[in-house]
Structure formats: structure tokens, C-alpha cells
Amino acid sequence: MKRSISVLKNIRKSTKLRIVNRKKKKRLKDALKRIKKITTKKSALKAYPEVQTIIDKSVQDGIIKKNTAARHKAHLMKHISTLK
């Protein structure tokens, strides 16, 4: 079966986007894991703004939804508040 030019272009485009989205999602997951490993409250509060920007950029890029981002932020703040 012959494939049209537009179909081939869409396949190339979706493959590239999938790779980019996977990298962004991996970056988000790594940031969340990194901040949960921190044991002191002071260093966690220093690292939180960086993770927060990663979460917000993920929402802008469509990697995660807005409510998911809010849930991640709330869980992180709850985790940070329990640290000493």
C-alpha cells in the first residue's frame, strides 16, 4: 500500500515529538525524585523553586495536566513541611 507524503511527514513529526516529550517527562520525574531524597528542610526549600518551574513548564508543554501539577506541588510542600 502506498503512503502519502503527508502521512510520512506526520510519522516523522510524531516520532520526534515523542522523543522530546519523553525527555521532558523524564526530567520532571528525576526532579521529583531528587527533591524527595533531600533530608533537610533548608536545602529542600532551596531546591523547591527549581522543581516548581519544571512542573509549570511541563504543564505549558502539555506533558502533564494542570491538576496533576497542583497535586505534585501540594505533595512536595507537604513532604517539605515534615522535614526537620
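Throughout, read-outs are computed from the coordinates displayed, never taken from laboratory work. Bear in mind the structure is a predicted one, so any value in this text is a computation, not a measurement. Don't worry about glycine lacking a Cβ; one is built from the backbone with ideal geometry, like all the others, and counts go over all protein chains shown.
Worth a mention:
- Put a dot 7 Å past the Cα of Asp30, heading toward its Cβ, do the same for Val59, and the two dots end up 2.4 nm apart.
- Shown here is the pair-distance distribution of the range 5-82: with all Cα-Cα distances grouped in 10 Å bins from zero up to the longest one, the shares run 18, 41, 23, 11, 5, 1 percent.
- Most positive-pole-ward Cα, Ser6, Leu76, Gln60, against dipole of the range 5-82 from beta carbon charges: Ser6
- Working from Cα pairs under 8 Å separated by at least six residues, relative contact order for the chain is 32 percent.
- The value given for the range 6-51 is a Kirkwood hydrodynamic radius of 12.7 Å, derived from the mean inverse Cα-Cα separation.
- Per-residue ellipticity at 222 nm, computed for the chain from helices alone with -39500 (n - 2.57) per DSSP H run of at least four residues, works out to -30000 deg cm²/dmol.
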